[in-house]
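Take a look at the structure below.
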Amino acid sequence: MAPAAELMWLAVRQQEARLSPAQSVIVQQAGPGLFSWPRQASRRVWSCAKPQRPGSKPAHCHVCHIVLSKAGHKEGRGDPIPVQQELPTYPEKEDHKQSVRVFHSDQQLQILSMDNSEKTEVVLLACGSFNPITNMHLRLFELAKDYLNGTGKYRVIKGIISPVGDAYKKKGLISAHHRVIMAELATKNSEWVEVDTWESLQKEWVETAKVLRHHQEKLEAGSCDHQQDAPMQARPGQKRKWAEQRQDISPKKLLEPKPKDVPKIKLLCGADLLESFAVPNLWKSEDITQIVGDYGLICITRAGNDAQKFIYESDTLWKHRNNIHLVNEWVTNDISSTKIRRALRRGQSVRYLVPDLVREYIEKHDLYSYESEEKNAGVILAPLQRKPADTHSNCTA
């Protein structure tokens, strides 16, 4: 027995002496024999070879992190004996309210909860001018995340802010360079919302449906790369035979995590974007169908918006209404980029309306003025420059 394994074994035996006789050792091996037990006995239940006494409680060894609990026992004493049996099901007690899977991998104990196994992972994507980004933009992400996680069907793992490029030609739209920096400053302390620059760097304006498709394909590519890297490689110094045995473990596959599905992209927006579907020549009819049908909308409603009625009056939206999630903002907030720019032009304070870092950046570079508001004045908006045949005057099907 190796010195390290011997010391660990002695620690376990010492711990057993302080436990009731009915407590047994459950070891889920996924690495070389922790106590130099036979490799062919890996992923079996090991008992402490002591008689069982009713009423004993599960325990935990703080020395070797082995789970100690009531399991199958062999009468007599001596070294542990492998017992071919399934893991025991703990009775419902105050200290075992949730069943978990316990396994040993690379000599580190990991506990996998089953709560998130059947939930669809979602990435929220917000497209827009962000001219400038406001606290309300950030609140959209938090409201959408709370709503989706609260359904029990989804788990939001990331939020993406995608500022539109300069080619959009919207009146008063300042350089994408400044808008991206402000968005990055606003999300500097966020643990899950980030800024993506792909759309803002395109020379031509990119339709929202294409931006959604770009990010979904990016997620799918990342998932493929992750699956290719999934097989476990033997570390230097490990025998090849053991590495082959690790990759061919079949008796207890339930203990192995299943390959995850690719996260789904969903468009996060306000009710104003939803209602813009009815603006003549602004959206392609097939783009609307693709957005609400293939991806889905998370729409945060503002005071005065009747998004439900708008969906009812649109055949296309009504057809895909189950993929449109309307989130009521009970704590009303009417902050908008338009009102922020107006206040800045007039020299009024915007403190507490935008993140402090954004406000400081705006003041440092004097970004919004009467002159900046006239940028692109008289220029036709990029979506409206398309041929009428490529667009649809409303979102009816």
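The values are calculated or read from the model by the stated rules, or taken from the named source; none is laboratory data. Quick caveat: nothing in here was measured; it's all calculated off a predicted structure. For neighbour counting, all protein chains shown are included, and Cβ atoms are generated from backbone atoms with ideal geometry for every residue, glycine included. Note: areas computed on protein heavy atoms with side chains; ligands, DNA, RNA excluded. Shrake-Rupley method; radii C 1.70, N 1.55, O 1.52, S 1.80 Å.
In the stretch 160-178, the residues that are within 13 Å of VAL195 (Cα to Cα) and part of a strand (DSSP E or B) reach residues that are open to solvent by 40 Å² or more (accessible area, probe 1.4 Å) and of a type in the set (Asp, Glu) with C-beta atoms within less than 7 angstrom, at least six apart or across chains, in these pairs: ILE160/GLU194. Taking the stretch 289-303 as the range and being open to solvent by 20 Å² or more (accessible area, probe 1.4 Å) and assigned to a loop (DSSP other than H, G, I, E, B) as the test, the residues that pass are ARG302, ALA303. When VAL262 is tested against the conditions (1) within 29 Å of the chain's Cα centre (by Cα); (2) part of a loop (DSSP other than H, G, I, E, B); (3) at pLDDT below 60, the lone failure is (3). Per the conditions (1) within 21 Å of LYS171 (Cα to Cα); (2) open to solvent by 40 Å² or more (accessible area, probe 1.4 Å); (3) in a helix (DSSP H, G or I), the sole criterion not satisfied by ALA343 is (2).
Exactly one residue out of SER117, SER113, SER175, SER129 is out of contact with any His (no Cβ under 9 Å at 6 or more places or on another chain), at pLDDT 95 or above and open to solvent by 30 Å² or more (accessible area, probe 1.4 Å): that is SER175. If the condition is being in contact with a Lys or Arg (Cβ under 9 Å, 6 or more places away or on another chain), without any contact (Cβ under 8 Å) to a residue 24 or more places away in the chain and open to solvent by 30 Å² or more (accessible area, probe 1.4 Å), then the stretch 350-366 contributes only ARG351. Could you grab me the full set of residues in the stretch 279-313 that are over 25 Å from LEU143 (Cα atoms) and either in contact with a Gly (Cβ under 8 Å, 6 or more places away or on another chain) or of a type in the set (Gly, Ala, Ser) (or both)? SER285, the sole residue that qualifies. Close Cβ contacts (under 8 Å, 6 or more residues apart or on different chains) running from residues in the stretch 197-221 that are farther than 22 Å from ILE181 by Cβ to residues that are among the aromatic types (Phe, Trp, Tyr) and open to solvent by less than 80 Å² (accessible area, probe 1.4 Å) comprise LEU212/TYR295; GLN216/TYR295. Among the residues of the stretch 310-317, at least one is part of a helix (DSSP H, G or I), touching a residue at least 40 places away in the same chain (Cβ under 8 Å), touching a Cys at 6+ places or on another chain (Cβ under 7 Å) and not basic (Lys, Arg).
For GLY378, the stated conditions do not hold, so it cannot be described as modelled with pLDDT under 95, closer than 18 Å to LEU140 by Cα and open to solvent by 40 Å² or more (accessible area, probe 1.4 Å).
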